[in-house]
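Beneath this line is the structure, given in structure tokens, with notes to follow.
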Amino acid sequence: MPDTVVGRRGPTRIDARRRVLDAAIACFTRSGFHGTSMHEICAEAGMSPGALYRYFPSKEAIIIAIVEEERALRAGLVETLESAPTFIEGLLRMGHALFSGELSMICLELGPEIYAEASRNPALKPTFQAVEDEMNVALRRAFLAARARGEVDPTIDPDVALLLINAIGDGLVLRNRFDPELTLERAAPAFAMLIARMLAPASFFAASAAAASVPGAAHPDTTP
């Protein structure tokens, strides 16, 4: 495939840059960040090293561009979260968008690689941290709104709760990379129910206990 990346028209430059990013994602997914060379990315993209280096001087520059792309996709997830009627429903809808393939998120393929590299590479960490911080601000805002609506136990520390929710999400992504046959989309409602119970106000459990103590009484809905 001939190199057309030096063309002066905008669409040509955009197409060439897209080719490089798609090739890098394929290589990083297959061989890992450290296991991939710039030469391999060139071969995957079907362009010469000189052409590729016009756009990205290093692997770090490529992965920063990938993280920036994901930043735009995460904005869509934030809208999904904030438009849901409850915090738990918002998390469930986000999970569906991610695990059903409805939203093509690079983190599902490269999340573990990006996390590992950002933790040890000072050139990557600021960009990655900024994207994480934006998402955490949105999650915290939605969490506090849910608490104000009475969906969440007011004694729960928001930062602790969000740390745990993020850890669950990150763990699911990592587990999915280890075992791609996992049906995370089908399990998402069960995950949401467990998180709902974890965050539920004390009154929810008092009502459950009261109902359980009365023979023949109807049990309250298990979703706070």
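The values are calculated or read from the model by the stated rules, or taken from the named source; none is laboratory data. What you see is a predicted model; the values in this text were computed from it and never measured. Using ideal geometry, Cβ is built from the backbone for each residue, glycine included, and neighbour counts are taken over all protein chains shown.
A few remarks follow.
- Qualifying residue in the range 127-135 (condition: closer than 26 Å to Arg30 by Cβ and over 14 Å from the mean Cα position of the chain (by Cα)): yes
- Taking each residue of the range 21-42 that is within 19 Å of Glu69 (Cβ to Cβ) and not assigned by TED's automatic domain parsing to the domain that holds Phe178 and looking for partners that are part of a helix (DSSP H, G or I) and among the β-branched types (Val, Ile, Thr) with beta-carbon atoms closer than 6 Å, six or more apart or interchain, yields Ala23/Ile41; Ala24/Ile41; Ala24/Ile62; Cys27/Ile41.
- Verdict on Gly10 being under 30 Å from Ala146 (Cβ atoms), modelled with pLDDT under 90 and surrounded by fewer than 19 Cβ atoms within 10 Å (Cβ to Cβ): no
- Reported count of residues in the range 41-63, each being aliphatic (A, V, I, L, M) and surrounded by fewer than 18 Cβ atoms within 10 Å (Cβ to Cβ), is 2.
- Checked against (1) farther than 30 Å from Asp153 by Cβ; (2) at pLDDT below 90; (3) surrounded by 13 or more Cβ atoms within 10 Å (Cβ to Cβ), Cys27 passes all but condition (2).
- Test: residue in the range 179-197 that is among the polar types (S, T, N, Q), modelled with pLDDT of 90 or more and assigned by TED's automatic domain parsing to the domain that holds Thr86: no
- Remark: pairs (first residue in the range 55-74, closer than 25 Å to Leu98 by Cα; second residue among the hydroxyl-bearing types (Ser, Thr, Tyr); Cβ separation under 6 Å; 6+ apart in sequence or on different chains) = Ile64/Thr127; Val67/Thr127.
- Scanning the range 133-168 for residues that are crowded, with 16+ Cβ neighbours inside 10 Å and free of Cβ contacts under 8 Å to residues at least 24 places away in the same chain yields a single hit, Arg147.
- Helices (runs of 4 or more DSSP H) wholly inside the range 20-131 that include at least 3 residues being closer than 18 Å to Ala167 by Cα and touching a helix residue (DSSP H, G or I) at 6+ places or on another chain (Cβ under 8 Å): 59-83, 87-99, 107-120
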